[in-house]
Amino acid sequence: MNRPRLLCAVLVVTLVSVSAPSMSHAAVRPRQNRDPLAPKAFLELPLGEITPTGWLRDQLQRQASGMTGHLDERYTKVVGPRNGWLGGDGDGWERGPYWIDGLLPLAYLLDDETLKKKVKPWIEWSLNHRAEDGYFGPIPFEKRPPSEPGIQKTPRRDWWPKMVMLKILQQYYDATGDERVTDLMLGYFRYQLKTLPGTPLDNWSFWANRRGGENLMVVYWLYNITGESFLLELAELIHKQSFPWTTVFLNDDPAPSPDLAHLYHYNTGNRYPFNMDLIRRLSVDQLQAFHCVNLAQGIKEPIIYYQQHPEARYVEAVKKAFANTKRFHGQPQGMYGGDEPLHGPDPTYGVEFCSVVEMMFSLEKMLAITGDLAFADHLERIAYNALPTQTTDDFNYRQYFQIANQVKITRHRRNFYEDHGHGSTDLCYGLLTGYPCCTCNMHQGWPKFAQHLWFATPDRGLAAVIYGPSKVSTEVANGQKVTIREETRYPFEETIRFKIEVAKPVRFPLHLRVPGWCEKATILVNGKPHAEACGPSMGKIERTWRDGDRVELTLPMSIATSRWVENSIAVERGPLVYALKIEEQWKWVENPDHWGDYWEVHPTSPWNYGLLEKVVNDPAQGFEVVKRDTTGYPWNLENAPIVLRTKGKRIPEWQLYNETAGPLPHSRPLIHLRNKPADDIVLVPYGCSTLRITEFPVVQ
């Protein structure tokens, strides 16, 4: 038997341009960029061709049964019939579209007719209420209406919320082929081309300026369908009016450049003239000036624009931004301290839920364009750690902020930049606790993640780029139908099994990602060794496939540690970060003010532990991996499919501060605990925890 081949090369994909299909439902196929746009590495599959299975399907069904499927019943004041996107006189800004941006892909992934019926009025109102000049969206008021607490009625002409609805309509077209979508967009984009010079993106709010990449992304999508050249002109205009992310990300010199004259100050959102002192300050301290969600959305703009101008600087800018964000603000679960401006790396600084789901979406889009597998690793890190912990198991309540060292969840003032009117409910699980934008925006996280598990490839094959239990049914080669079932409990399991289903033999390449954390993956085809591969790389299996063929990918997971604030340690295994298991007591609080009722969570076991130095120095021997034969929902303490057992010591001086874990003790002075006894402690996956210590001091 030949020895398996070791494949350690980075991703190499042959990129070819293809002409765009005509506008019909049958033609909603994976779409490559038209000339002169640079070809994409991966091609997104139409909504509905990927079906989540196993625990991932259960996760989406919990959304359907919980807040996502019933938000119109629970948050009627904002997403009820008075909403401006339904023609009403109520809320007319971002929150209604935010909800539908998650509800629509959920409805089509589950093929749930009840959810589709909830989506339909929002789609139909937009499609059937276009102005003659191309404007669409809530009808502007002739005079400013009286304000109502909790309702964002204006500004109705703002460019920003329309960017969210454009994404919704794009998804709807990909699911249905409804040509009214492309008709509306052509009219609206002509309206933008005519109107933006006089009323630029920042005319009504600075949010549209920061988030212009969302608009740009849909312009390129429509160009690939229609080939209308004016869309490329519009793309240039949108990029020019957007915040200069590329310039700022690449800027090392505090001397100003002309682009930086358009920077805005976070706290006011006002536009400033060219001011030398302001530019220097924001150039040097630029990361601190970013709003956490603006960064999560805006970080992809350089790579979106890269398609029209494929210069290395745009990709380099984004890579540098990720490196600097991790260095100055990063946390182990893949996110950054941002509550709401970027705040720093301390494990008691908050992570806003909106920034979690928006960063996931940005990574999904950048991954498709570049094929850079670091984006895939980062996406899984966020999805399998930060995302599941921020909602209750039934998906009925959510946190506004989560924190890495989270030892008590109560209504109390903490060290967050934003306290939202002294409500102090930012950590509590509720419907409206903290701030209600996340109540509407959180829903896109899991559905869009499931939609990006699989991609078509330019060589007419398929790529499993993100791993999770699923089924994909699509066309390969010269249009032949293939179904691949992916069976796994990943990220808790190391083995991923693929079963091929075809009506007749067909030759096509199957690409399998090997994550960057994996030192040696093995690939079996029909039980026989095919290849070994180290990450990050893409293994490629090109053969004639027959019905019933099987592929098995094994990704060995070893325990690793990483250094964080005050020389603390985080523990990782594969895509999962592990945190101290803290027993918890949930307490329901009936609250009469506008933050509403909520859950508090109190610890019933000690939390102030450090890891032993000898464990950190030899994690392979210091941790015992325990795989548990559990069933049901995996993202909680009871059902955690895998835990780590080790030793730790309590640190008496590490106590609560503002009902939060106090300042993290630096590991060096903890030598005084050398003769203290060690305790047995258990670590669980971060996503299974509610209370936790994730960044551990190290003790002798």
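The values are calculated or read from the model by the stated rules, or taken from the named source; none is laboratory data. Being a predicted model, the structure only gives us computed values, none of them experimental. All Cβ positions, even for glycine, are placed from backbone atoms using ideal geometry, and neighbour counts span all protein chains on display.
Does segment 599-617 contain at least one residue that is among the charged types (D, E, K, R), part of a loop (DSSP other than H, G, I, E, B) and at pLDDT 95 or above?
Applying the first criterion (among the charged types (D, E, K, R)) to segment 599-617 yields 600, 613-614.
Retained after the next criterion (residues that are part of a loop (DSSP other than H, G, I, E, B)): none.
Within segment 599-617, none of the residues are among the charged types (D, E, K, R), part of a loop (DSSP other than H, G, I, E, B) and at pLDDT 95 or above.
Residue count for segment 63-104 under the criterion of being part of a loop (DSSP other than H, G, I, E, B) and of a type in the set (Ser, Thr, Tyr): the result is 1.
Being hydrophobic (A, V, I, L, M, F, W, C), outside any strand (DSSP E or B), closer than 24 Å to Leu427 by Cα and within 16 Å of the chain's Cα centre (by Cα) is the requirement here; does Leu367 meet it? Answer is no for this residue.
Would you be able to say whether some residue in segment 222-241 is of a type in the set (Val, Ile, Thr), in contact with a Phe, Trp or Tyr (Cβ under 7 Å, 6 or more places away or on another chain), buried (at least 24 other Cβ atoms within 10 Å of the Cβ) and part of a helix (DSSP H, G or I)? Within segment 222-241 (the criterion being of a type in the set (Val, Ile, Thr), in contact with a Phe, Trp or Tyr (Cβ under 7 Å, 6 or more places away or on another chain), buried (at least 24 other Cβ atoms within 10 Å of the Cβ) and part of a helix (DSSP H, G or I)), the answer is no, since none of the residues qualifies. Among the residues that make up segment 51-59, is at least one of them within 30 Å of Arg460 (Cα to Cα), touching a residue at least 12 places away in the same chain (Cβ under 8 Å), in contact with a strand residue (DSSP E or B) (Cβ under 6 Å, 6 or more places away or on another chain) and among the aliphatic types (A, V, I, L, M)? Scanning segment 51-59, I find no residue that is within 30 Å of Arg460 (Cα to Cα), touching a residue at least 12 places away in the same chain (Cβ under 8 Å), in contact with a strand residue (DSSP E or B) (Cβ under 6 Å, 6 or more places away or on another chain) and among the aliphatic types (A, V, I, L, M), so the answer is no.
Here's the yes/no breakdown for (1) closer than 30 Å to Phe401 by Cα; (2) touching a residue at least 40 places away in the same chain (Cβ under 8 Å):
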{"residue": "Asp593", "(1), (2)": "yes, yes"}
{"residue": "Tyr609", "(1), (2)": "yes, yes"}
{"residue": "Val615", "(1), (2)": "no, no"}
{"residue": "Pro619", "(1), (2)": "no, yes"}
{"residue": "Gly632", "(1), (2)": "yes, no"}
{"residue": "Arg668", "(1), (2)": "no, yes"}
{"residue": "His672", "(1), (2)": "no, no"}
{"residue": "Asp679", "(1), (2)": "no, yes"}
{"residue": "Ile693", "(1), (2)": "yes, yes"}
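When residues in segment 287-332 are screened for being touching an Asp or Glu at 6+ places or on another chain (Cβ under 7 Å), within 30 Å of Gln32 (Cα to Cα) and either basic (Lys, Arg) or at pLDDT below 95 (or both), 0 of them pass.
Take the residues in segment 524-567 that are aliphatic (A, V, I, L, M), more than 26 Å from Pro458 (Cα to Cα) and buried (at least 16 other Cβ atoms within 10 Å of the Cβ), then tell me which one is modelled with the lowest pLDDT. Reasoning before the result, please.
Step one: filter segment 524-567 for residues aliphatic (A, V, I, L, M), giving 524-525, 531, 533, 538, 541, 551, 553, 555, 557, 559-560, 565.
Those still in the list that are more than 26 Å from Pro458 (Cα to Cα) too: 557, 559-560, 565.
Now drop any that are not buried (at least 16 other Cβ atoms within 10 Å of the Cβ), which leaves 557, 559, 565.
Values: Met557: 98, Ile559: 98, Val565: 94.
Restricting to residues being aliphatic (A, V, I, L, M), more than 26 Å from Pro458 (Cα to Cα) and buried (at least 16 other Cβ atoms within 10 Å of the Cβ), the top hit is Val565.
Exactly one residue out of Glu142, Glu113 is more than 26 Å from Asn396 (Cβ to Cβ) and of a type in the set (D, E, K, R), and it is Glu142. Against the test of being out of contact with any Ser or Thr (no Cβ under 9 Å at 6 or more places or on another chain) and surrounded by 17 or more Cβ atoms within 10 Å (Cβ to Cβ), the options Pro575, Pro606, Pro592 yield a single qualifying residue, Pro575.
Does Thr561 satisfy the condition of being within 27 Å of Val615 (Cβ to Cβ) and either in contact with a strand residue (DSSP E or B) (Cβ under 6 Å, 6 or more places away or on another chain) or not in a loop (DSSP other than H, G, I, E, B) (or both)? Yes: the conditions hold for Thr561.
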